[in-house]
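**Student:** Below: one structure in structure tokens.
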Amino acid sequence: MTAPGPDDPPSDYRLLVPRDWFRVDLVRERWRGQLKTYVDREFAGSGTAAEVARRIWVTLRNTAENGLKRGALEFYLRSETPEGSVPPASLLISWPPMARGSAPEPEEIAEALAHRNDPGADIDVIDLPAGRTVRARTDSSLDFHVRMPGNVGYLHLAFSVPLSGTEGPMGGLCEAMAHSLRWVA
């Protein structure tokens, strides 16, 4: 695996994700079945009301469908869902369509996010091993907009950690996952 040069778009990316995170491939039509498998597995034998499982299924399906409209590629869900709750953590990876050469500078994205996001959001531009990145952090979400080589756009890593928040160990794990991103030539 070699990293692409600064003017060459990558053919793929690599990201380290813990083994206990369930992967849903949103590029293939079988993603609904994969989400159902996740929900069935998480609630099998738990004694949780079927209505709770159905609500989680609907929430996850809606998240996937909305993500697909914005170029979503993969959806990761942390296993061991607490009874009657949402998944303790998730990651939605997207590559929003953008014409080559039209990607704004990271500082421009940061400024736009500062005007659109929650006023309490912490937004900054950082350097990850994969490139210049806009990071937006709230109490329960952590977004990374990573500039791709070849000026073909940004890969968006959208972490949600509703139970422990971004300041806890799960937030640290999400940061480490983002720092593991590498491009493949």
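The values are calculated or read from the model by the stated rules, or taken from the named source; none is laboratory data. Source: prediction; values computed, not measured. When we count neighbours, we look across all protein chains shown, and the Cβ atoms used for this are built from the backbone with ideal geometry, even at glycine. These area figures cover heavy atoms from the full protein model, side chains too; ligands, DNA and RNA do not enter into them. Shrake-Rupley method; radii C 1.70, N 1.55, O 1.52, S 1.80 Å.
**Student:** How many of the residues in segment 51-80 are modelled with pLDDT under 85, assigned to a helix (DSSP H, G or I) and open to solvent by 60 Å² or more (accessible area, probe 1.4 Å)?
**Tutor:** Counting residues in segment 51-80 that are modelled with pLDDT under 85, assigned to a helix (DSSP H, G or I) and open to solvent by 60 Å² or more (accessible area, probe 1.4 Å) gives 1.
**Student:** Among the residues of segment 148-165, which ones are surrounded by fewer than 19 Cβ atoms within 10 Å (Cβ to Cβ) and of a type in the set (S, T, N, Q)?
**Tutor:** Within segment 148-165, 151, 164 meet the criteria.
**Student:** For residue 8, which of the numbered conditions (1) at pLDDT 90 or above; (2) surrounded by 12 or more Cβ atoms within 10 Å (Cβ to Cβ); (3) farther than 16 Å from residue 181 by Cβ; (4) not aliphatic (A, V, I, L, M) fails to hold?
**Tutor:** (1)
**Student:** List pairs: first residue in segment 39-50 and outside any helix (DSSP H, G or I), second residue at pLDDT below 80 and open to solvent by 30 Å² or more (accessible area, probe 1.4 Å) anywhere in the structure, Cβ distance under 7 angstrom, at least six positions apart or on different chains.
**Tutor:** 46/83; 48/83; 48/84
**Student:** For segment 175-185, how many residues meet the condition of being surrounded by 17 or more Cβ atoms within 10 Å (Cβ to Cβ) and at pLDDT below 95?
**Tutor:** Of the residues in segment 175-185, 0 are surrounded by 17 or more Cβ atoms within 10 Å (Cβ to Cβ) and at pLDDT below 95.
**Student:** Of these, 23, 41, which one is open to solvent by 20 Å² or more (accessible area, probe 1.4 Å) and under 20 Å from residue 156 (Cβ atoms)? Before the answer, list the steps.
**Tutor:** Values: 41 fails: under 20 Å from residue 156 (Cβ atoms).
Unique residue meeting the criteria: 23.
**Student:** Further question: Cβ-Cβ under 8 Å, sequence separation 6+ or interchain: first residue in segment 171-185 and closer than 17 Å to residue 154 by Cβ, partner of a type outside the set (Phe, Trp, Tyr) and assigned to a helix (DSSP H, G or I). Which pairs?
**Tutor:** Once the first residue is closer than 17 Å to residue 154 by Cβ and sits in segment 171-185, its partners that are of a type outside the set (Phe, Trp, Tyr) and assigned to a helix (DSSP H, G or I) give 183/149.
**Student:** Let me ask something else about it. Return only the number of the condition from (1) in contact with a helix residue (DSSP H, G or I) (Cβ under 6 Å, 6 or more places away or on another chain); (2) under 26 Å from residue 68 (Cβ atoms); (3) open to solvent by 20 Å² or more (accessible area, probe 1.4 Å); (4) not charged (D, E, K, R) that residue 97 does not satisfy.
**Tutor:** Every condition holds for residue 97 apart from (1).
**Student:** Residue under question is residue 132, and the condition is that it be over 25 Å from residue 26 (Cβ atoms) and among the basic types (Lys, Arg); does it hold?
**Tutor:** Details: over 25 Å from residue 26 (Cβ atoms): yes; among the basic types (Lys, Arg): yes.
When the stated conditions are applied, residue 132 passes them.
**Student:** Take the residues in segment 122-145 that are more than 18 Å from residue 104 (Cβ to Cβ) and either among the acidic types (Asp, Glu) or not in a strand (DSSP E or B) (or both), then tell me which one is modelled with the highest pLDDT. Walk me through how you get there before you give the answer.
**Tutor:** The first filter runs over segment 122-145 and keeps only residues more than 18 Å from residue 104 (Cβ to Cβ), leaving 122, 129, 137-142.
Subset that is either among the acidic types (Asp, Glu) or not in a strand (DSSP E or B) (or both): 122, 129, 138-140.
Values: 122: 93, 129: 96, 138: 93, 139: 92, 140: 92.
If we take residues in segment 122-145 being more than 18 Å from residue 104 (Cβ to Cβ) and either among the acidic types (Asp, Glu) or not in a strand (DSSP E or B) (or both), then 129 is modelled with the highest pLDDT.
**Student:** Given the residues 83, 167, which is the only one that is on the phi < 0 side of the Ramachandran plot and modelled with pLDDT of 90 or more? First the steps, then the outcome.
**Tutor:** Details: 83 fails: modelled with pLDDT of 90 or more.
Result of the check over 83, 167: 167.
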